[in-house]
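Undergrad: I have a structure I would like to understand better, so I am pasting it below and will then ask my questions one at a time.
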Amino acid sequence: MKARVFVTLKPSVFDPQGRAIVEALHSLGYGQANDVRQGKYFVLDLNVASAAEAEKMAKEISDRVLANPVIESFTVEIDGAAK
Amino acid sequence: MKFAVVVFPGSNCDHEAQYTTETVLGQDVSMVWHRETSLGAADAVILPGGFSHGDYLRTGAIARFSPVMSAVKAFADRGGPVLGICNGFQILQESGLLPGAMLRNNDLRFHCEFVHIRVEHADTPFTRLCTPGQVLKVPISHGEGNFFADPDVMARLERDRRVIFRYSTATGEITDAANPNGSLANIAGICSEKRNVVGLMPHPERACDTRLGSDEGLILFKSVIDVLASSGTVAV
């Protein structure tokens, strides 16, 4: 079962890399780009039987390892399940 | 006394920590590989700077799972003095031994330069010989040293006098211009609730000889030697 995890800085946390990217976009002429937030994307291959189990495990792994709750939040998607 | 310097794959200031404590200050030092489960008979522990595990995932995020970190936690829980320098500070944050997290420097640059830090409080094992308000000239060398914590944690750190070092001018003023990375409240270093665990982004171990630009980092190591020599115990 595949789980996709997206980790981003919390909205309240300044993202210097996102700022640099949006400034680059503006200099390329994309004035419509209001903001960019940079994050990380993980694909977990989990040996579990159900989507519910996969989601539970992926959330636990994200909370413990993949994201730092001090500065980051995450969302989990399970392959085939529309979350 | 005996220092333990923990060595992770990617540590690169472990030899500076050893040189300062062993060669300059004449103490016993053991280098402890991160796979070890014991720190031996250490009186004080140093987590050195570097790029443990290549900074993969996040700075310090993988090192926190090294077997030796259980021993470091137990040592800290018993009140043993622990100093985390740069990446060592980041590892202590990821391990939950110190609060907050490091963001990318706000100007996105890796800063490798001498800065000034003001010592805020002398009641930690690593600042015992300092005078509050004293300014130290020490180098920084990091790309992710932008201290962040949520407002509640910030308020607690200030209330409990746990901000130990702040980036300052040479004369001790706390200004935006003296802040190299965007750290909240110019924070360069903090301590734990029990004050025995101290983390800072600057490198005191690289400031141990005037021929290298400064010897003003020595006072952190002399402080802990003094504390242990005078008390004979780890309690501060």
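Undergrad: Specify the residue that is most open to solvent (accessible area, probe 1.4 Å); the eligible residues are those in the range A:39-74 that are of a type in the set (S, T, N, Q) and within 11 Å of residue A:7 (Cβ to Cβ).
TA: Top of the filtered list is A:73.
Undergrad: Can you tell me which residues in the range B:183-197 are more than 14 Å from residue B:100 (Cα to Cα) and over 12 Å from the mean Cα position of the chain (by Cα)?
TA: Once the filter is applied, which keeps residues that are more than 14 Å from residue B:100 (Cα to Cα) and over 12 Å from the mean Cα position of the chain (by Cα), the range B:183-197 yields B:194, B:195.
Undergrad: Further, regarding this structure: I'd like to verify a number: residues in the range B:49-61 that are aliphatic (A, V, I, L, M) and either surrounded by fewer than 21 Cβ atoms within 10 Å (Cβ to Cβ) or at positive phi (or both), how many?
TA: Qualifying residue count for the region: 1.
Undergrad: When residue B:129 is evaluated against the numbered criteria (1) outside any strand (DSSP E or B); (2) open to solvent by less than 40 Å² (accessible area, probe 1.4 Å); (3) away from chain A (no Cβ under 14 Å), which criterion, by number, is the only one it fails?
TA: It is condition (2) that residue B:129 fails.
Undergrad: Which of the residues belonging to the range A:6-17 are more than 10 Å from chain B (Cβ to nearest Cβ) and either surrounded by 15 or more Cβ atoms within 10 Å (Cβ to Cβ) or under 27 Å from residue A:45 (Cβ atoms) (or both)?
TA: A:6, A:8
Undergrad: Which of (1) more than 14 Å from every other protein chain (Cβ to nearest Cβ); (2) open to solvent by less than 40 Å² (accessible area, probe 1.4 Å); (3) in contact (Cβ under 8 Å) with a residue 40 or more places away in the chain; (4) over 28 Å from residue B:151 (Cβ atoms) is the odd one out, the single condition residue A:77 does not satisfy?
TA: Every condition holds for residue A:77 apart from (2).
Undergrad: Now for a separate question. With B:91, B:46 as the choices, which residue is assigned to a helix (DSSP H, G or I), open to solvent by less than 40 Å² (accessible area, probe 1.4 Å) and touching a helix residue (DSSP H, G or I) at 6+ places or on another chain (Cβ under 8 Å)?
TA: None of the others qualify; the one that does is B:91.
Undergrad: I'm trying to understand the selection: among the residues of the range A:36-70, which are touching a residue at least 24 places away in the same chain (Cβ under 8 Å), outside any loop (DSSP other than H, G, I, E, B) and within 14 Å of chain B (Cβ to nearest Cβ)?
TA: Within the range A:36-70, A:39, A:40, A:41, A:42, A:44, A:61, A:62, A:66 qualify.
Undergrad: Which number in (1) open to solvent by less than 30 Å² (accessible area, probe 1.4 Å); (2) farther than 22 Å from residue B:29 by Cβ marks the one condition that residue B:160 misses?
TA: Evaluating residue B:160 over (1) open to solvent by less than 30 Å² (accessible area, probe 1.4 Å); (2) farther than 22 Å from residue B:29 by Cβ leaves (1) as the failure.
Undergrad: Answer with yes or no whether residue A:13 is in contact with a Gly (Cβ under 7 Å, 6 or more places away or on another chain) and in a loop (DSSP other than H, G, I, E, B).
TA: No.
Undergrad: A further question on this structure: Name the one entry in A:24, A:20, A:3, A:33 that is open to solvent by less than 60 Å² (accessible area, probe 1.4 Å), at pLDDT 95 or above and part of a helix (DSSP H, G or I).
TA: When all the criteria are applied, what remains is A:24.
Undergrad: Condition check: crowded, with 17+ Cβ neighbours inside 10 Å, within 17 Å of the chain's Cα centre (by Cα), within 15 Å of residue B:187 (Cα to Cα) and not aliphatic (A, V, I, L, M). Does residue B:81 satisfy that?
TA: Details: crowded, with 17+ Cβ neighbours inside 10 Å: yes; within 17 Å of the chain's Cα centre (by Cα): yes; within 15 Å of residue B:187 (Cα to Cα): no; not aliphatic (A, V, I, L, M): yes.
No: the conditions fail for residue B:81.
Undergrad: Please go through the range B:179-216 and pick out each residue that is more than 9 Å from residue B:85 (Cβ to Cβ), in contact with a Cys (Cβ under 6 Å, 6 or more places away or on another chain) and open to solvent by less than 10 Å² (accessible area, probe 1.4 Å).
TA: Residue satisfying the conditions is B:198 alone.
Undergrad: Which of the residues spanning the range B:94-126 are over 22 Å from residue A:39 (Cβ atoms), touching a residue at least 40 places away in the same chain (Cβ under 8 Å), not aromatic (Phe, Trp, Tyr) and not in a loop (DSSP other than H, G, I, E, B)?
TA: Within the range B:94-126, B:111, B:113, B:115, B:116, B:117, B:118, B:119 meet the criteria.
Undergrad: Turning to a different aspect of this structure: Between B:26, B:40, which is over 21 Å from residue B:77 (Cβ atoms) and either in a loop (DSSP other than H, G, I, E, B) or basic (Lys, Arg) (or both)? Steps first, answer last, please.
TA: Working: B:40 fails: over 21 Å from residue B:77 (Cβ atoms).
One residue alone meets the criteria, B:26.
Undergrad: So, in the range B:97-126, how many residues would count as being more than 14 Å from chain A (Cβ to nearest Cβ) and surrounded by 20 or more Cβ atoms within 10 Å (Cβ to Cβ)? Before the answer, list the steps.
TA: Here is the first cut: in the range B:97-126, the ones more than 14 Å from chain A (Cβ to nearest Cβ) are B:112-126.
Right, trim to surrounded by 20 or more Cβ atoms within 10 Å (Cβ to Cβ) and you get B:115-120, B:124-126.
Residues flagged as more than 14 Å from chain A (Cβ to nearest Cβ) and surrounded by 20 or more Cβ atoms within 10 Å (Cβ to Cβ) within the range B:97-126 amount to 9.
Undergrad: Can you name every residue in the range B:1-23 that is outside any strand (DSSP E or B), closer than 27 Å to residue A:64 by Cβ and touching a strand residue (DSSP E or B) at 6+ places or on another chain (Cβ under 6 Å)?
TA: B:10
The values are calculated or read from the model by the stated rules, or taken from the named source; none is laboratory data. Just so we're clear, the structure is a prediction, and the values are computed from it rather than from any experiment. Quick reminder, even Gly has a Cβ in these numbers, built from the backbone with ideal geometry, and neighbours come from all protein chains shown. Please note that ligands, DNA and RNA were not included when accessible areas were found on the heavy atoms of the full protein model with its side chains. Shrake-Rupley method; radii C 1.70, N 1.55, O 1.52, S 1.80 Å.
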